[in-house]
1. For D269, all conditions in the list (1) surrounded by fewer than 21 Cβ atoms within 10 Å (Cβ to Cβ); (2) in a loop (DSSP other than H, G, I, E, B) hold save one; what is the number of the exception?
2. State yes or no: is G67 among the small types (G, A, S) and in contact with a strand residue (DSSP E or B) (Cβ under 7 Å, 6 or more places away or on another chain)?
3. Only one of these conditions is not met by V46: (1) under 19 Å from the mean Cα position of the chain (by Cα); (2) hydrophobic (A, V, I, L, M, F, W, C); (3) over 30 Å from Q181 (Cα atoms). Which number is it?
4. Just one of (1) touching a strand residue (DSSP E or B) at 6+ places or on another chain (Cβ under 8 Å); (2) touching a residue at least 24 places away in the same chain (Cβ under 8 Å) trips up S156, so point out which.
5. Which residue pairs have Cβ atoms under 6 Å apart, sit 6 or more places apart or on different chains, and have a first residue in region 70-93 that is without any contact (Cβ under 8 Å) to a residue 60 or more places away in the chain and surrounded by 11 or more Cβ atoms within 10 Å (Cβ to Cβ) and a second that is assigned to a strand (DSSP E or B) and among the aromatic types (F, W, Y)?
6. Here is a check on your reading of the model: is V205 crowded, with 21+ Cβ neighbours inside 10 Å, assigned to a strand (DSSP E or B) and free of Cβ contacts under 8 Å to residues at least 60 places away in the same chain?
7. Please enumerate the residues belonging to region 223-237 that are surrounded by 22 or more Cβ atoms within 10 Å (Cβ to Cβ) and in a loop (DSSP other than H, G, I, E, B).
8. So, in region 189-202, of the ones that are within 24 Å of S158 (Cβ to Cβ) and free of Cβ contacts under 8 Å to residues at least 40 places away in the same chain, which residue ends up surrounded by the most Cβ atoms within 10 Å (Cβ to Cβ)?
Amino acid sequence: MEIKYKKFDTHSHIGVDARHPFISNIEDYVRNAKQNGINRSLLIGVPLPVYPKEGGIFTPLNWNLSGINFVIASEFVDSDGNLIRGNVEENPFAESNSLLETQVKNNSSTDLKLDFVPHVHPLLDTEMHLNETLEKKPLAVKVHGSSWGINPKDISPSFFQTLKKYNVPLIVHTDYNQDPQNGRHLIQKMNDPLVWIDLCQRYGVRASLAHGLRLCQESWKKVSKSGGQFIVGFGPKLDTKQSHRVKTTGVDYTPALLGMADLSKLTYDVDFAWNTESYDFLDWTLGDELIGKVSEDELMAVYAGNARRFYGGID
């Protein structure tokens, strides 16, 4: 089948995650991306990476509930299967970033250009490490606040000021919870897109905001008036019928999103490999939802044009 439109995937994950049963395998990603017309991708580590380390398997940061409280710890499973929890160390993703960066470079090609996006931890990365990360001039860096236990309002101004100095955009996992019952839910609610938009605007940081701004109409109004400061990832198709994690419920995701979105800010993203509620199925047809609902120029802008402009007119 001929692929008429080429796509820029602005947000996908690679790796093994401590809380996700589906392995985000880079070879699987590359094969499917090429089959679905993707020729540029931003690849990010999974939020809670798991990888081999001498004598066992290591997770630099995982979350658990202690009663109703949200707690984080590092985890090491030794060769005998014993689980050892410890404190989360500074620069928790330095090692997993390095491992993934090599994978991404080895799998990039002329017909599918892959860009590595490092994780940065706003509370635990040292100033030196953050500067070293940004000095490499990645296209973007990623924060996954709701998996790492971060209240965005606790982030030091110096973190945003450093991003601003290097002019590196931030990819943000936006979240929400309408009815928090425990610490996990509260962290989700704290990562409200409105909070992230306000912080980025305060410090002049450009950002790619994931998950359709959780169908938050007020967030979309702010983004629409922001000039070129923000783009917003389209995918995945969030559960809006029963979910507490969107601000507009009881609607079909795509029509609701298109009804509030500024299409000059919307970008295509797959969110590989967990873009459906069913973890044994991955939806690669996300972009097809737009066909016939927007003009051809708007479709091409969402598929690639908006992201290429935001990231500096890259090919």
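The values are calculated or read from the model by the stated rules, or taken from the named source; none is laboratory data. Because the structure is predicted, anything quoted here is derived from the model rather than measured. Here the Cβ is made from the backbone with ideal geometry for all residues, glycine too, and neighbour counts use every protein chain on show.
1. Every listed condition holds for D269 apart from (1).
2. no
3. (3) is the only condition that V46 fails.
4. Of everything listed in (1) touching a strand residue (DSSP E or B) at 6+ places or on another chain (Cβ under 8 Å); (2) touching a residue at least 24 places away in the same chain (Cβ under 8 Å), S156 misses just condition (1).
5. Pairs that qualify, where the first residue is without any contact (Cβ under 8 Å) to a residue 60 or more places away in the chain and surrounded by 11 or more Cβ atoms within 10 Å (Cβ to Cβ) and the partner is assigned to a strand (DSSP E or B) and among the aromatic types (F, W, Y), are F76/F58; I84/F76.
6. For V205, the condition - crowded, with 21+ Cβ neighbours inside 10 Å, assigned to a strand (DSSP E or B) and free of Cβ contacts under 8 Å to residues at least 60 places away in the same chain - is not met.
7. F234, G235, P236
8. Among them, the one singled out is P193.
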